[in-house]
1. Take the Cα radius of gyration of the chain and divide it by 2.2 N^0.38 Å, with N its residue count; two decimals is plenty.
2. When the helix-only estimate is applied to the chain (DSSP H runs of n ≥ 4, each -39,500 (n - 2.57), divided by the residue count), what is the mean residue ellipticity at 222 nm, nearest 500 deg cm²/dmol?
3. Anyone know which of Asp53, Asp86, Asp104 comes out most mobile in the 10 Å Cα GNM of the chain?
4. In degrees from 0 to 90, rounded to the nearest 10, what is the angle of the helix 92-109 Cα long axis to the longest principal axis of the chain?
5. Using the Karplus curve 6.51 cos²θ - 1.76 cosθ + 1.60 with θ = phi - 60°, what ³J(HN,Hα) values do you get for each residue of region 33-39, in whole Hz, with x for Gly and Pro?
6. Can you give the angle from 0 to 90° between the axis of helix 72-83 and the longest principal axis of the chain, with both taken from C-alpha atoms, to the nearest 10?
Amino acid sequence: MKLSGSFQACEIVCLEYEHTRLYAEVIETIAERQMCWVRPLVLVVGESARLYDLRQGADLVWPASRFRVALDTEVIPLLGELNAPDRAIADKTQGHQQLRRFVDRLWRAYPDDFSDRS
């Protein structure tokens, strides 16, 4: 597995915390700040794996150390489900609210990740 921070553009990464996983596409790594600029794709919440489509939302800059490379075997089925006409996907507003809650929980859980990043 790749070390954090050595991600390539267009690579899919995962940010996990408790029972939530965010899958995102790497736009760029910001090596001097040890951050990763990503474009969220899908948020998987809870043990029931509720999907939230985030493909039309805002980008995120987050500490690279919290990401891991996502395996094709975990991402491809999720992207397929997002495009399946019979799959119930939460609306975009709910997805963005869930992402905000997830980011807030991570920020509170790992405050040291955000200190001295100038």
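1. Scaled against compact globular proteins, the figure is 1.04.
2. About -8500 deg cm²/dmol.
3. Checking each option, the largest mean-square fluctuation is seen for Asp86.
4. Taking Cα atoms only, the helix is inclined about 30 degrees.
5. Result, ordered by residue: 10, 6, 10, 10, 8, 10, 10 Hz.
6. It is inclined by approximately 50 degrees.
Quick note: the coordinates plus some simple rules give every number you see, no bench work behind them. Since this is a predicted model, take the numbers as computed values, not measurements.
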